[in-house]
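Worksheet for the structure shown next.
The values are calculated or read from the model by the stated rules, or taken from the named source; none is laboratory data. Everything quoted here is computed from the prediction, not taken from an experiment. Counting neighbours? That spans all protein chains shown, and the Cβs are built from the backbone with ideal geometry, glycine included.
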Amino acid sequence: MSTRILALACGLLFACGSLLAQPPGCTHEGDVAFRFGWGMYTAGMSPYTPPPGTYNLVAVNGPDTTWGAPGDTLRFKVAPYNATAWLPLLCTALDTMCYEVSSEHGWTFVCKPAAGTPQILPAGGYLWYQTVTIQIPCSAPVGSYEMVIGGCYYTNSLGECDPTCPDCADPNVRPSNHTSFYSKDTLYVQVLPALPPPAPTILQDTLTLVEARQPMAYIPFSICNLDQCSPMVAGYHISSRGHIGPPMSVSDTVQVQPGKCMDVFGILNAASSLACVFDTLTIVAWSCAPAPLYDTCVQVVHVVSPCCIPVLTAPVLAVLALALILAAAVFIRRRAATRP
């Protein structure tokens, strides 16, 4: 009996000693861990399928591997967890936790909730789902691997996310299957060669209304560059059928920055067009390198009558003035009736 008491006392001293040895401001009420790591779910919450020839451990025992080209965006969903029900049972209470992510060469990440946001997790196996978007830089060397580390951390006494606060127990072991779960998870991103540049994409309205008697009606189109790393020089041609003004046929080029759109215009002469006339504008946009790629759209243009009811004419102003006078008279009469 005395041996058991001594062993229990030593265990308590060890646990208390580990808590007392924390940096200033760090406490251990709960136990940080990942319930789901990189390899479990993508941002759509569907099971993650590893690339052919790579490995992926379904439990959070990393590392996991994925791939993408410079400029690509990768999205994942992980689940930080308060592992109060898993062994060893040292820190078993409600706690405020947070998530941070970093990479070997300082890649950019977008997190939702924002990285470092405190999350209150009660005891009993509570978690939250953390979306992580990884942007592969255009400067990432093809063939290289980037090490990305996500971590579930404690907040300190100031309520700030503090990665210097060590884990209460790492790993935590699930008793039912003896699987280990850690407070950090590693993802390796392999940088592959970029695919050929995409074709320019045209955005437009399906229908544009033009008031009659306009000598220069501007019909907008947007030419977009879906390549996130390289600018694009796009040629375009806009033509009309000649139902609104003379037939139009215009060709030009435009430089579109990576991931951006540029507006171009077809200009119709509706000075002599009657209301209810329709025309169609067809635009073709293309890029020539490294192979001809193009997109095309057709936009309907409808001539409508200009507004023929002037708003602030003399009769309208007279009616408004009379209405204000009558309203003021009613108000004064009510005030007089209620005066003591």
Subset of the stretch 147-164 that is in contact with a Phe, Trp or Tyr (Cβ under 9 Å, 6 or more places away or on another chain) and over 22 Å from G25 (Cβ atoms) - its residue that is surrounded by the fewest Cβ atoms within 10 Å (Cβ to Cβ):
M147
Let me confirm something: among S240, S249, which residue is crowded, with 17+ Cβ neighbours inside 10 Å, of a type in the set (S, T, N, Q) and at pLDDT 90 or above?
S240
Look through P113, P80, P137, P88 and report the one residue that is over 15 Å from I149 (Cα atoms) and over 18 Å from the mean Cα position of the chain (by Cα).
P88
Kindly indicate whether any position in the stretch 34-46 is surrounded by 15 or more Cβ atoms within 10 Å (Cβ to Cβ) and at pLDDT 90 or above.
yes
What number of residues within the stretch 117-146 are surrounded by fewer than 17 Cβ atoms within 10 Å (Cβ to Cβ), under 15 Å from F76 (Cα atoms) and not polar (S, T, N, Q)?
1
Please list, ordered by residue number, the strands (runs of 3 or more DSSP E) wholly in the stretch 159-266 having 3 or more residues that are polar (S, T, N, Q).
249-256
Output the number of residues of the stretch 76-86 satisfying the condition of being under 20 Å from S176 (Cα atoms), assigned to a strand (DSSP E or B) and out of contact with any Lys or Arg (no Cβ under 8 Å at 6 or more places or on another chain).
1
Exactly one of P122, P166 is in the same structural domain as D64 (by TED's automatic domain parsing) and either at pLDDT 95 or above or under 30 Å from G235 (Cα atoms) (or both), and that one is P122
Output for the stretch 213-229, where each listed residue is without any contact (Cβ under 8 Å) to a residue 60 or more places away in the chain and among the small types (G, A, S):
S222
Against the condition modelled with pLDDT of 90 or more and in a strand (DSSP E or B), how does T131 come out, does it pass?
yes
Looking at the stretch 65-79, which of its residues are out of contact with any Leu (no Cβ under 6 Å at 6 or more places or on another chain) and touching a residue at least 60 places away in the same chain (Cβ under 8 Å)?
T65, T66, P70, G71, D72, T73, L74, F76, V78
Expected single match for closer than 21 Å to P198 by Cα and not polar (S, T, N, Q) among V250, V233 is V233
